[in-house]
Amino acid sequence: MRTPVDTLESERLRVRRFTGDDLDLLARLLGDPVVTEHLGGVKDRAGAEQTLRTRALDYYDQHPGLGMWATIERATGRPVGFHVLNHIHGETDIQVGYALFRDAWGLGYATELARATLDERQDEALD
C-alpha cells in the first residue's frame, strides 16, 4: 500500500515521518500550555517521548498511510508543528488533526495541509 502522507507537499508545506531524533521538537511543542490547551494539556519530556513512540513511530507500522507527521515549511525548512491522520479512539473513523507552534498560527497552514491530505487520500481511493 502506498503511504501518500509520507511524501505529501502543499504549496508552502511538506510533511515527513517523525524519527527518534525529533523528540526535542515534539517536547517543545507539547510543552507549550497554549498549544496543548485542546490536546489534553502539557506533556513533559517523558509524555512527549511516549506520544512520539505510540502516535508516530509504532503507528506507522500498525496503520500504513496514517499517523503523525512533522510539518515543515518548504521555503525555510523550519518545523512548524505536526499534522495527523489517525483513528478516533480505536474506531474505524479517521480524523485529521494538527498542532502548530504559536508563531505558525494564523497563516492558514492547518487548512492548507488538511485539504492537501484529504485530496491525496481521495486520489489514492480512486487509484
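The values are calculated or read from the model by the stated rules, or taken from the named source; none is laboratory data. On a predicted model such as this, the values are computed, not experimentally measured, just so you know. Quick reminder, even Gly has a Cβ in these numbers, built from the backbone with ideal geometry, and neighbours come from all protein chains shown. Surface areas here come from the heavy atoms of the whole protein model, side chains and all, with no ligands, DNA or RNA. Shrake-Rupley method; radii C 1.70, N 1.55, O 1.52, S 1.80 Å.
Some points to look at:
- Residue in the stretch 112-121 that is under 22 Å from residue 34 (Cα atoms), without any contact (Cβ under 8 Å) to a residue 24 or more places away in the chain and not hydrophobic (A, V, I, L, M, F, W, C) present: no
- For the stretch 17-31, the set of residues classified as under 15 Å from residue 83 (Cα atoms) and open to solvent by 70 Å² or more (accessible area, probe 1.4 Å) consists of 17 only.
- From the list 80, 42, 34, the lone residue that is modelled with pLDDT of 95 or more and open to solvent by 70 Å² or more (accessible area, probe 1.4 Å) is 42.
- Subset of the stretch 52-69 (residues that are modelled with pLDDT of 95 or more and buried (at least 19 other Cβ atoms within 10 Å of the Cβ)): 52
- Within the stretch 6-16, being out of contact with any strand residue (DSSP E or B) (no Cβ under 7 Å at 6 or more places or on another chain) and surrounded by 13 or more Cβ atoms within 10 Å (Cβ to Cβ) holds for 9, 10.
- Test: residue in the stretch 7-25 that is at pLDDT below 90 and in a loop (DSSP other than H, G, I, E, B): yes
- Within the stretch 88-99, considering residues that are open to solvent by 50 Å² or more (accessible area, probe 1.4 Å) and in contact with a Leu (Cβ under 8 Å, 6 or more places away or on another chain), the one nearest to residue 115 (Cα to Cα): 96
Per-residue answers, yes or no, for (1) outside any strand (DSSP E or B); (2) under 14 Å from the mean Cα position of the chain (by Cα); (3) within 21 Å of residue 115 (Cβ to Cβ):
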{"position": "40", "(1), (2), (3)": "yes, no, no"}
{"position": "47", "(1), (2), (3)": "yes, no, no"}
{"position": "54", "(1), (2), (3)": "yes, yes, no"}
{"position": "59", "(1), (2), (3)": "yes, yes, no"}
{"position": "69", "(1), (2), (3)": "no, yes, yes"}
{"position": "77", "(1), (2), (3)": "yes, no, no"}
{"position": "81", "(1), (2), (3)": "no, yes, yes"}
{"position": "85", "(1), (2), (3)": "no, yes, yes"}
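- Per-region count, the stretch 87-106, residues in contact (Cβ under 8 Å) with a residue 12 or more places away in the chain and not in a helix (DSSP H, G or I): 8
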